[in-house]
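The structure appears below as structure tokens.
The values are calculated or read from the model by the stated rules, or taken from the named source; none is laboratory data. Computed from a prediction, not measured in an experiment: that's the story for all the values here. Glycine also receives a Cβ, built like all others from the backbone with ideal geometry; neighbour counts cover every protein chain displayed. Protein only, heavy atoms only, side chains kept; ligands, DNA and RNA dropped before computing areas. Shrake-Rupley method; radii C 1.70, N 1.55, O 1.52, S 1.80 Å.
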Amino acid sequence: MGEIDDAIERADREAFTRQPPKTLQARINFLMKQLKTTKAVAAEIGVSQRSVERYRKGERKHPSQAIAERIDTAVQARWQPQVRKRRQKQAATATGITVETRARFGYTAPIGTTDDGRFRRLTVHLPPTYAQRLFDARQAGASDQQMRQIIAEGFKDVYFQDNGNRATGLSDITLNDIDYLDLDY
């Protein structure tokens, strides 16, 4: 997973209307409902089928840190998919997406202007078209670099060019050296 993927996951988790199960037994039971078999759950979290059965019955209550994290990740990925879809659809059709980042931005500009990349801290609200492109790219398995380029194009249009009102000669914005990136929709 890349930085953009992680940011989308965090934004999805913020959309939860109910908290996921807290106890190990409840989490395993939730995964059983989703994946149907102990074999599938075992494959998902990287343990034996027998371990899954022990977690499910409450015979084993404290998995190692790595296994607990894999269980948590598997539950988070499957928790409230309809809420996630609804929020993403709303962002892609109506509200857009807000990107907060501190990164190095580089660009190609006309002769006589500076095009040196520099760190900037920006919070920019991108229109729904960019949210749709970002979600579509993620769904299609795009690389982190491809998703960065979509965000960079949105920054170019909205922030640097102010929707065509300034810096019209600016082209090819790049988003490099991301210090942090957060999405909200």
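Taking into account only those residues within the stretch 53-72 that are of a type outside the set (D, E, K, R) and buried (at least 16 other Cβ atoms within 10 Å of the Cβ), which is nearest to T38 (Cα to Cα)?
My answer is Y55.
Would you check which residues across the stretch 1-34 are open to solvent by 90 Å² or more (accessible area, probe 1.4 Å) and over 23 Å from the mean Cα position of the chain (by Cα) and list them?
Within the stretch 1-34, K33 is the sole residue that qualifies.
Hey, can you tell me all the residues within the stretch 88-102 that are open to solvent by 20 Å² or more (accessible area, probe 1.4 Å) and touching a strand residue (DSSP E or B) at 6+ places or on another chain (Cβ under 8 Å)?
T98, E100, R102
For the stretch 37-52, name all the residues that are surrounded by 12 or more Cβ atoms within 10 Å (Cβ to Cβ) and of a type in the set (S, T, Y).
Of everything in the stretch 37-52, those that are surrounded by 12 or more Cβ atoms within 10 Å (Cβ to Cβ) and of a type in the set (S, T, Y) turn out to be T38, S51.
Can you tell which of G169, G154, G106, G164 is in contact with a strand residue (DSSP E or B) (Cβ under 7 Å, 6 or more places away or on another chain), modelled with pLDDT under 80 and open to solvent by less than 70 Å² (accessible area, probe 1.4 Å)?
From the options G169, G154, G106, G164, the qualifying one is G106.
Of the numbered conditions (1) of a type in the set (A, V, I, L, M); (2) at pLDDT below 90; (3) part of a strand (DSSP E or B), V124 satisfies every one except a single condition; which is it?
Single failed check for V124: (2).
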